[in-house]
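The values are calculated or read from the model by the stated rules, or taken from the named source; none is laboratory data. This structure is a prediction, so every number in the text was calculated from the model and none was measured. Quick reminder, even Gly has a Cβ in these numbers, built from the backbone with ideal geometry, and neighbours come from all protein chains shown. When the accessible area is computed, the model is the full protein with side chains, heavy atoms only, and any ligands, DNA or RNA have been set aside. Shrake-Rupley method; radii C 1.70, N 1.55, O 1.52, S 1.80 Å.
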Amino acid sequence: MSQLEILEFPDPRLRTLAQPVTVFDAALKTLVADMFETMYAAPGVGLAATQVDVHQQLLVADMSENSDHPLVLINPRILEKDGEQVYQEGCLSFPGIFADVDRALRIKVAAHDADGGEFVLDVEGPLAVCIQHEMDHLVGKLFVDHLSLLKRTMLLKRMEKKRRQNA
Ligand code: GNR
Ligand code: NI
């Protein structure tokens with residue numbers, strides 16, 4: 001297993017549209033294992049392939065207390081969504097910045113596992129937030145895109161300042 005490098009904003013590769021996975025082979029399983037290793041080490045609760053510069057529709061997540069409920073979603077698609085929730089989000093591609101984002105409360109999502117089998121997941125609350133956040137990455141969308149221009153500008157300035165202080 002190996003840890004992968006996580007792209008950070010404003011890397012333009014974060015805006016890439018991911019393509020569907022068509023081959024469910026050993027290389028895909030290695031990628032999934034490496035993404036889990038990268039996510040747990042960060043530490044994070046989710047990771048989209050886009051963030052490790054792999055432009056395929058693949059995401060991993062684990063929002064469980066003990067980090068023992070790994071979820072892999074390949075070629076995920078939303079079947080239903082309803083309700084609304086506001087949750088304070090962070091993103092491994094935006095170290096140190098957090099903001100409240102409005103999303104659906106509950107989603108029903110169909111996806112494939114690493115063996116190609118299809119399943120449907122009905123989730124709500126924080127896990128629903130995480131999956132929506134990761135699915136956004138797969139279409140090149142970032143959590144700050146959900147904010148008002150004013151809020152986004154303030155946060156990005158704050159991030160720049162932190163970056164300069166750390167340099
Ligand atoms: O680790 C992460 N935490 C998080 C917290 C609130 C809402 C979403 C997330 S996802 C994030 C990891 C990440 O950047 N995934 O793309
Ligand atoms: Ni993210």
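Annotations for the structure displayed:
- Per residue, the range 46-143 exposes 42 Å² of solvent-accessible protein surface, assessed with a 1.4 angstrom probe and all protein chains in place.
- √(5λ) per eigenvalue of the Cα gyration tensor, the chain, largest first, Å: 25, 20, 14
- Of all accessible heavy-atom area on the chain, the percent that carbon and sulfur account for (1.4 Å): 53
- Label-to-label distance for L79 and L121 is 1.4 nm, based on points extended 7 Å past Cα in the beta-carbon direction.
- Only Cα pairs under 8 Å and 6+ residues apart enter the sum, and on that basis the relative contact order of the range 49-102 stands at 22 percent.
- Other-chain or far-sequence residues with amide H under 5 Å of E89's (modelled H): A99, D100, V101
- Expressed to the nearest 5 percent, the antiparallel share of DSSP beta bridges inside the range 1-137 is 95 percent.
- Difference of contour (0.36 nm per residue) and Cα-Cα distance, N166 to S67: 32.7 nm
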